[in-house]
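The values are calculated or read from the model by the stated rules, or taken from the named source; none is laboratory data. Keep in mind the model is a prediction, meaning the values are calculated, not measured. Methodologically, a virtual Cβ is constructed for each residue, glycine included, from the backbone with ideal geometry; neighbour enumeration extends over all protein chains shown. The protein model used for the area step is the full one, side chains on, heavy atoms only, and it has no ligands, DNA or RNA in it. Shrake-Rupley method; radii C 1.70, N 1.55, O 1.52, S 1.80 Å.
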Amino acid sequence: MPPPKDVVKIAIQMVGAIPQLIELQQTKPLASVLKDVCDAWSLPNAERYALQYADGRQTYITESNRREIKNGSILRLTTSPGQEAEQLYSGIQSNNLDMKADSLKKLASLSQDITFAQEFINRNGLKQIFSIVEDGKDTGEILAHTLKAFTELMEHDFISWETLSSAFIKKVVSYVNTNTVDASIQQLSLSILENMVPTSRHLFDLVKKEVTLDCLLTHLHVTNTQLQLKAMALLTTLLLAATNAERRDMMEYLRKKNIRQFIHKNIIRGAEPPGAEMAHRLYVLQAAELGLCEPRMRASMDPYSQEQREQLQALRLAAFETAGETSGGGPSPERRRSLSAQQFRKLGFTNNNNPEDDLHRAPPGLLALDCMVYFSRHSPDAYSRFVLENSSREDRHECPFAQSSIQLTLILCELLRVGEPCSETAQDFYPMFFGQDHFFEELFCICIQLVNKTWKEMRATQEDFDKVLQVVREQISRTLSLKPTSLELFKSRVNTLSYSEILRLRQTERLHQEETLAVPVQELHEKLKPELLELVRQQRLRYLCQGTLFRKISTRRRQDKLWYCRLSPNHKVLHYGDVEEGVSDLPIESLPEKIPVTDMKILLVGKECLHPKEKSSGKQNKDVLELAFSIVYDVEEYCLHFIAPSRYEFCLWTDGLNVLLGREMTSERVQTDLDVLLSMELKLQLLDLENISIPDTPPPIPKAPSNLDFWYDFSHAEE
């Protein structure tokens, strides 16, 4: 008798027949199981049938996935994948348009299953798909189903994208370039091209040539958010696949078309906030343009470069221009060299005779020189004021412009993550980036003036240089975390964070730490901690009950496919299933798959998980690993794999799952949330309530006002 784990109790359905309840022996060949089922219903030719899940994605059961069948699963007897592929292959060639449309619709649905997809492709089905598209006779619903089926079939990586004919590609491109086809066809065509671009340089060149930036901008200006999203996805994919020179040219063209201003006004500050996918695409667009700074950031000053030496001289002349130098007369060469060295010293260079030596360090390399020159040319008054103001101070109290600029450029590169590879999941973009051309340089102009302001507030000397820059870094970092919508608002907020305000914030944080270290407070802390920790646990479980939308990631791209997972209100079952973009707060009844909490064995996180290693590679792998976790469940140790949208969801989900498993919560947010709750509770407990009468009943809630005219939308104040 086989062990219990090799036997699962299941139900098998068939239309028009009474369901069978059987004990499926996992060691028994699937062909024998099918024959027994067919014999019970007196069906001949058992090889023409197959078993399929009745709910969810209705995956075909094969020898490779049969171990995933759980006790209580409901299967149904259906036509085998081979027979189904044969019928649909004939159906999509039918002259009856209704039959052809129905066959293509069913093909698009079944092609999600890898077993069926392989059978259809083995019958040369893709050739027929190509024929429908290339002939161009079919439009509307038939064409939409054809493109959808093609997309699903290509997801399984059975054939290379490079095998596609130029006629097929040009036809797909034509659907993008024309406004006469339905929006659903344009969305599918954009998605196909997006998948195609990263696979080879040849396909990138072809798509870049055929789909112009003007065409993509046209699609970005539509009100259809899904079409807008697909256009943005293709645009960012082209930018990532381009060389630095190509990317620079593309970004320059987009700048002339005021793409940033359009995005800032109509997408970021539109009627609806950007969704998760659009937020990711905006992050990629931001990272692509900031990445253009990387070559200059990593390039050291070349002392033999005439252009770079002229930039240094222009920087000096902008601050200390004299009539003699500009007219060509004046002092002797020796005197001019001595004067030049003195002026470079006043500019804050450490090597007066060879100021280029200060720019040998990379990063920030030549990017620091670019920023200094930009500041001198676009804010000449502020530049002159900075230099001349410090020239009039005692030497030890001078704020060195050049040294400060070099260090500030490095700080901005680190905070904005210039040169780091794009994350596959990040959605962390800065709204103000899209409201301003030359963002990095303009931000530098604001921050270098902040350096001078903070230097004066701290009454700093040369020995305090590092300390001043640490304060400036904190000022910039705290302000960036507020996500200001414009550089003007950033400037306003960062300037309110004076040195005294930074000291106050630090002191508040330090006092809070000191208060929590006192012995009596520690005793109260330990007394309150269990109750508050339980509160955090309950919050984590409530978050799981609300559910989260997760994204599937493949080796080629960030997938459009989504799935949703949530915990049942009684905390006994995890429900999940595939969903479409834009849905949220799905009812449990609509999620077909489930895992009983009692079947969950262990939680794997980060490097312990296998799915990120299979789905990603290279530099992006680290990013995905930080958001990956898996649940191992059932006696067969199946896995449900997750890649969280952000670190926040990762922390809450892994904590919640650990609570369900009866283990300690381990994420970094546990201590943060616990500290917040403890701080609030300690302050309440330590309030001085002497001579203060506390009523036995709470005060009455006041009546609602007669109108709400006092309400004000502060978002308009930022415009």
### Message
Condition first: in a helix (DSSP H, G or I), farther than 29 Å from residue 391 by Cα and open to solvent by 50 Å² or more (accessible area, probe 1.4 Å). Now tell me which residues in the range 478-492 satisfy that.
### Response
478
### Task
Please verify whether the range 124-140 includes one or more residues that are of a type in the set (A, V, I, L, M, F, W, C) and over 20 Å from residue 167 (Cβ atoms).
no
### Message
Yes or no: the range 243-257 includes at least one residue that is of a type outside the set (S, T, N, Q) and over 30 Å from residue 372 (Cβ atoms).
### Response
no
### Query
When you go through (1) more than 23 Å from residue 523 (Cβ to Cβ); (2) at pLDDT 75 or above; (3) more than 28 Å from the chain's Cα centre (by Cα); (4) among the hydroxyl-bearing types (Ser, Thr, Tyr) one by one for residue 693, which number turns out not to apply?
(2)
### Summary
Scanning the range 200-223 residue by residue, those open to solvent by less than 50 Å² (accessible area, probe 1.4 Å) and assigned to a helix (DSSP H, G or I) turn out to be 203, 204, 206, 207, 213, 215, 216, 217, 219, 220
### Query
Of all the residues that make up the range 666-683, how many are open to solvent by 70 Å² or more (accessible area, probe 1.4 Å) and within 15 Å of residue 511 (Cβ to Cβ)?
1
#### Entry: Members of the range 59-75 that are assigned to a loop (DSSP other than H, G, I, E, B), under 18 Å from residue 111 (Cα atoms) and of a type outside the set (S, T, N, Q)
61
### Task
Answer yes or no: is there a residue in the range 77-96 that is of a type in the set (Ser, Thr, Tyr) and under 23 Å from residue 186 (Cα atoms).
no
### Task
Those residues that are open to solvent by less than 50 Å² (accessible area, probe 1.4 Å), in a helix (DSSP H, G or I), touching a Ser or Thr at 6+ places or on another chain (Cβ under 9 Å) and touching a residue at least 12 places away in the same chain (Cβ under 8 Å), I need them from the range 171-187; list them, please.
172, 173, 175, 176, 185, 186
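One line per residue, one yes/no per condition, for (1) at pLDDT 90 or above; (2) hydroxyl-bearing (Ser, Thr, Tyr); (3) over 18 Å from residue 595 (Cα atoms); (4) open to solvent by 30 Å² or more (accessible area, probe 1.4 Å):
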{"residue": "629", "(1), (2), (3), (4)": "yes, no, no, no"}
{"residue": "633", "(1), (2), (3), (4)": "no, yes, no, no"}
{"residue": "636", "(1), (2), (3), (4)": "no, no, no, yes"}
{"residue": "649", "(1), (2), (3), (4)": "yes, no, yes, yes"}
{"residue": "654", "(1), (2), (3), (4)": "yes, yes, no, no"}
{"residue": "661", "(1), (2), (3), (4)": "yes, no, no, yes"}
### Task
Among the residues of the range 109-125, count how many are in a helix (DSSP H, G or I) and either among the charged types (D, E, K, R) or open to solvent by 10 Å² or more (accessible area, probe 1.4 Å) (or both).
8
### Summary
Note on residue 443: of the conditions (1) of a type outside the set (Phe, Trp, Tyr); (2) in contact with a Gly (Cβ under 8 Å, 6 or more places away or on another chain); (3) at pLDDT 95 or above, unmet is (2)
### Task
Might you check whether a residue that is of a type outside the set (Val, Ile, Thr), at pLDDT 90 or above and either open to solvent by 60 Å² or more (accessible area, probe 1.4 Å) or out of contact with any Lys or Arg (no Cβ under 9 Å at 6 or more places or on another chain) (or both) occurs anywhere in the range 503-516?
yes
### Message
For the structure I just gave you, tell me whether residue 625 is modelled with pLDDT of 90 or more and either within 24 Å of the chain's Cα centre (by Cα) or surrounded by fewer than 18 Cβ atoms within 10 Å (Cβ to Cβ) (or both).
### Response
no
### Task
Have a look at 158, 168 and point out the one that is assigned to a loop (DSSP other than H, G, I, E, B) and either among the aromatic types (Phe, Trp, Tyr) or open to solvent by 10 Å² or more (accessible area, probe 1.4 Å) (or both).
158
### Message
Residue pairs, Cβ under 7 Å, 6 or more apart or interchain, first in the range 330-357 and acidic (Asp, Glu), second open to solvent by less than 20 Å² (accessible area, probe 1.4 Å). List them.
### Response
356/301; 356/312
### Message
What pairs come out if I take residues in the range 76-87 that are open to solvent by 60 Å² or more (accessible area, probe 1.4 Å) and pair them with residues that are small (Gly, Ala, Ser) whose C-beta lies under 6 Å away, six or more apart or interchain?
### Response
76/54
## Note on the structure
Restricted to the range 458-473 and to residues being open to solvent by 70 Å² or more (accessible area, probe 1.4 Å) and of a type in the set (D, E, K, R), the residue farthest from residue 414 (Cα to Cα) is 459
#### Entry: Qualifying residues in the range 275-301 (those that are closer than 15 Å to residue 228 by Cα and of a type in the set (A, V, I, L, M, F, W, C)) - the one farthest from the chain's Cα centre (by Cα)
285
### Task
Report yes if residue 424 is in contact with a His (Cβ under 9 Å, 6 or more places away or on another chain), at pLDDT 95 or above and not hydrophobic (A, V, I, L, M, F, W, C), otherwise no.
no
